[in-house]
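Pasting a structure below so you can have a look.
Just so you know, all these numbers are worked out from the coordinates, no wet-lab data involved. No experiment lies behind these values; they were computed from the predicted model shown. Neighbour counts run over all protein chains shown; Cβ positions are idealised from the backbone, glycine included.
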Amino acid sequence: MDLLNTLVDKGLRRELPTREEALAVLATSDDDLLDVVAAAGKVRRHWFGRRVKLNYLVNLKSGLCPEDCSYCSQRLGSTAGILKYTWLKPDEASQAAAAGLAGGAKRVCLVASGRGPTDRDVDRVSETIRTIKDQNEGVEVCACLGLLSDGQAERLREAGADAYNHNLNTSEGTYGDITTTHTYADRVDTVQKAHGAGLSACSGLIAGMGESDEDLVDVVYSLRELDPDSVPVNFLIPVEGTPLAKEWNLTPQRCLRILAMVRFVCPDVEVRIAGGREVHLRTMQPLALNLANSIFLGDYLTTEGQAGKADLEMIADAGFEVEGTDQVTLPEHRTETAGGGCGSHEAAGCGSHGGAGCGSSHEGAGCGSHEGGGVCGTAAAAAAPVNEARTDLVAVRRRGAGTDLAPNA
């Protein structure tokens, strides 16, 4: 396909595709799907080889959030049967992180529900960051605490944080349909604060909330302009007890096309498959490794993920290797500029940032402070039609941080 050849050439040059080209990727047929994956895979391998970075979530504080994000099981008014607990102590958080690091994780994402941290909360998280860094040599720490006030990002950086996550989640035009207690601009402002403090910016999206192809392209183009180093792609897990509980809009094929589009628009950035991969990609997860170079290991914020051992076997069976702590994730040209970016400073108008969560602001997704999605390791039954609820795929987390049960890592 001429389209795919053009996109590969642009990806290798870090050149921004046109909106029409990005939309065309989402509109490709199932007959062309493997060609799309192969093309985007060339771009992924050019910048990241066959390495897969592993990330591990630690939910520092779960539930009871005052925000009304429709995708999130921790939201105001949620009736989801999730774990609810207040702040983990630094040693408890470090022990939780150790489980993921033992499984091969390179980055620990510290997440807390809520609108944003108080100064006392920042002190608490700073102590946790120092404890984890002291006890685990070479670990990266990303914080995801919601909206930041002036000076808080600098304090997290001084404590040893490497990154801050805050996702855009959806397009600016539809943001008000998803959340009313804060704005899209609030999210942009927080990522700008993180980047300005010298933290690596992590900001992504949630697909499957009823958005159009145009909305998906809008948010990914906004991310390219906002220039994060890491873009988590979350696939909504409709959790019972949330407003989006019936939004089962994704197929494995659509998820792959979305990941390919993100890779073409953000060729040299860390693209992370975050919440919902087990539920929506299912047996197609190994194909997705040809598009993304990063995943979360084990469980998520309030839902269960695929067993960590199964993740490691999947990576090896697909011919990939786990990225070591001695390896640099981003290409050299991005590490030379503080903050990196979703495209390149030369090629495509990178600049501000914005987002919300270390892998997702919804739960099956990553280091976000919310969860709406979640992931489960339950094996899928017979294929169900799109829009048909698959509650058998969603397992609420009952283990790991905040519980007496060992984590899944």
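Can you compute the FRET efficiency between residue 392 and residue 89 using 1/(1 + (r/R0)^6), with r the Cβ-Cβ distance and R0 = 35 Å? Round to the nearest 0.05.
Efficiency, from the Cβ-Cβ distance: 0.45.
Give, in nm to one decimal, the length gained when the segment between residue 12 and residue 336 is fully stretched (0.36 nm per residue of separation minus the Cα-Cα distance).
Once the chain is fully extended between residue 12 and residue 336, it gains 114.8 nm.
Where the only charges are on Cβ atoms (+1 Lys, Arg; -1 Asp, Glu), what is the dipole of the chain about its Cα centre, to the nearest 20 debye?
The calculated dipole for the chain is roughly 720 debye.
List the GluC sites (Glu not before Pro) within the range 136-230 that DSSP assigns to loop and that have no more than 16 neighbouring Cβ atoms inside 10 Å.
Here the GluC sites (Glu not before Pro) that fit, given the DSSP loop and packing criteria, are 137.
Please check which bits of the range 259-291 a label hung off residue 50 would reach, taking the label as a point 7 Å along Cα-to-C-beta and the cut-off as backbone N under 20 Å.
Answer for the range 259-291: 271, 273, 284-291.
Further question on the same structure: Please give me, ordered by residue number, the trypsin sites (Lys or Arg not before Pro) of the range 1-46 that lie in loop per DSSP and have at most 14 other Cβ atoms within 10 Å.
Taking the range 1-46 and a limit of 14 other Cβ atoms within 10 Å, no loop trypsin sites (Lys or Arg not before Pro) are found.
Report the calculated FRET efficiency for residue 120 and residue 406 (r = Cβ-Cβ distance, R0 = 51 Å), to the nearest 0.05.
0.95
Helix-only estimate, please: 222 nm mean residue ellipticity of the chain, summing -39500 (n - 2.57) across DSSP H runs of length 4 or more and dividing by its residues, to the nearest 500.
-10000 deg cm²/dmol
Name the residue from 152, 223, 77 whose Cα lies farthest towards the positive end of the charge dipole of the range 2-393, charges +1 on Cβ of Lys and Arg and -1 on Cβ of Asp and Glu.
Of the candidates, 152 comes out farthest on the positive side.
Straight-line reach from residue 309: which lysines have a Cα under 17 Å away, not including same-chain ones fewer than 8 places off?
Straight-line reach from residue 309, under 17 Å: 53, 106.
Decide, for the chain, between rounded, prolate and oblate: order the square roots of the alpha carbon gyration tensor eigenvalues as a ≥ b ≥ c, take rounded if a/c falls under 1.5, and otherwise choose prolate if a/b is larger than b/c, else oblate.
On the way: a/c = 1.34, a/b = 1.18, b/c = 1.13.
Taking the square roots of the gyration eigenvalues as a ≥ b ≥ c, the chain is rounded.
Still on this structure, please answer the following. Work out, step by step, the length gained on full extension between residue 34 and residue 183: first 0.36 nm times the residue separation, then minus their alpha carbon distance; give nm to one decimal.
49.9 nm
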